[in-house]
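**Q** First the structure, which I've put down as structure tokens, then a few questions once you've had a look.
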Amino acid sequence: MQIHWVHADELSDTDRDAAEGRIAFLGADNSDIIDVRIIAKTTSHHEHGGAEVRITCQARGREIVAARTRPDAGLALHDAVDAFEAEVRRMREKRRDRRNEQPAAPPELGIIDRVLVEEGYGFILTDSGDQVYFHRNAVHGGLEFEQLEEGQRIGLNIEAGNDGLQATTVVTAPPDAPSP
């Protein structure tokens with residue numbers, strides 16, 4: 001991770017060192033923060049005072065921006081780093097939550113009714129009695145289209161197709177799936 005300062009003349013070395021230490025600590029055990037740019041500038045904003053600090057960061061697949069305007073440049077920097085830390089934590093929590101999510105199991109269960117290997121499609125009989133078309137590209141989750149057998153238990157997602165119901169995803173049935 002690199003930290004770049006732009007127009008930071010109004011900031012004391014102490015403020016800059018403290019900000020760099022806090023940002024370096026955020027990146028210490030992670031490689032998600034790639035490039036940090038801290039821009040300080042004076043502003044003529046009539047309510048918040050005369051110094052704005054904006055922190056922009058390239059972080060794995062997204063940009064994080066935190067900016068604060070205060071009467072004093074050091075205070076603006078401190079508050080901008082607070083906001084930046086909060087954004088980084090929020091990004092990491094979202095990533096952690098997504099990693100812990102279990103993919104949704106297909107809502108339907110059925111059995112393979114027919115497989116036409118040369119044509120690249122087949123038909124499934126759902127537990128509710130519907131016959132559903134599926135294409136070889138819908139087969140996922142470790143199943144191989146050429147290895148499907150009639151009567152094999154599967155899970156599937158269904159949507160309306162041009163000529164009736166079709167499976168968008170065909171996967172192995174969950175181990176606890178009831179028999180048809």
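A short reminder: the numbers here are calculations on the coordinates, not readings from a lab. A quick note: this is a predicted structure, and the numbers were derived from the prediction, not measured. Using ideal geometry, Cβ is built from the backbone for each residue, glycine included, and neighbour counts are taken over all protein chains shown.
**Q** On each of the three principal axes of the Cα atoms of segment 1-90, give max minus min coordinate, whole Å, ordered largest first.
**A** On the principal axes, segment 1-90 reaches 38, 24, 18 Å in Cα extent.
**Q** If you fit an axis through the alpha-carbon atoms of helix 13-27 and take the longest principal axis of the Cα set of the chain, what angle between them do you get, 0 to 90°, nearest 10?
**A** Result, in degrees: 10.
**Q** Tell me the GluC sites (Glu not before Pro) within segment 17-71 that lie in a loop according to DSSP and have at most 10 other beta-carbon atoms within 10 Å. Don't skip to the end; give the middle numbers.
**A** On the way: sites: Glu20, Glu47, Glu52, Glu63; in loops: Glu47.
Sites meeting the loop and neighbour criteria: Glu47.
**Q** Here's something else I'd like to know. Report, in debye and to the nearest 20, how large the dipole of the chain comes out about its Cα centre when Lys and Arg carry +1 and Asp and Glu carry -1 on their Cβ. Walk me through the numbers before you get to the answer.
**A** Details: 20 positive and 33 negative charges, 114 e Å.
That gives a dipole near 540 debye.
**Q** Given (i) 1.40; (ii) 1.06; (iii) 1.76 as candidate values of Cα Rg over 2.2 N^0.38 Å, which corresponds to the one derived from the coordinates?
**A** (iii)
**Q** By per-residue mean of other Cβ atoms within 10 Å, what is the highest-first order of 68-80, 116-128, 141-153? Intermediate values should be presented prior to the final figure.
**A** Working: 68-80: 19.2, 116-128: 14.9, 141-153: 12.2.
Final packing ranking: 68-80, 116-128, 141-153.
**Q** Here is a further query. Can you give me the C-alpha center-to-center distance between segment 106-133 and segment 4-45, rounded to a whole angstrom?
**A** A separation of 58 Å, based on Cα centres.
**Q** Return a whole-number percent for the relative contact order of the chain, with Cα pairs under 8 Å and 6 or more residues apart as the contact set.
**A** Working: 320 pairs, mean separation 24.8, N = 180.
Value for the chain: 14 percent.
**Q** At 0.692 mPa s and 37 °C, plugging the Kirkwood radius over alpha-carbon pairs of segment 108-172 into Stokes-Einstein gives what diffusion coefficient in µm²/s? Write down the numbers at each step before the final one.
**A** Values: Rh = 11.3 Å.
Reported coefficient: 292 µm²/s.
**Q** Going by how many other Cβ atoms sit within 10 Å of their own, how do Thr172, Thr14 line up, fewest first? All intermediate terms of the calculation are to be shown ahead of the outcome.
**A** Numbers: Thr172 15, Thr14 9.
The most exposed by this proxy come first: Thr14, Thr172.
**Q** At a Förster distance of 45 Å, what's the computed FRET efficiency of Ala24 paired with Asp176, Cβ-Cβ distance as r, to 0.05? Write down the numbers at each step before the final one.
**A** On the way: r = 48 Å, r/R0 = 1.07.
So the FRET efficiency works out to roughly 0.40.
**Q** Step through the residues of segment 83-92 one at a time and calculate ³J(HN,Hα) from phi using the Karplus curve (6.51 cos²θ - 1.76 cosθ + 1.60, θ = phi - 60°), rounding each to whole Hz and writing x for Gly and Pro.
**A** Values per residue, Gly and Pro as x: 5, 4, 4, 5, 5, 5, 4, 4, 4, 5 Hz.
**Q** At His140 and Arg153, where each label point lies 7 Å from the Cα along Cα→Cβ, what is the point-to-point distance in nanometres?
**A** Label-label distance for His140 and Arg153, simple model: 2.2 nm.
**Q** Let me ask something additional. Taking R0 as 35 Å, what FRET efficiency do you get between Val6 and Arg92 from their Cβ-Cβ distance, rounded to the nearest 0.05?
**A** Working: r = 26 Å, r/R0 = 0.74.
Here the calculated transfer efficiency is 0.85.
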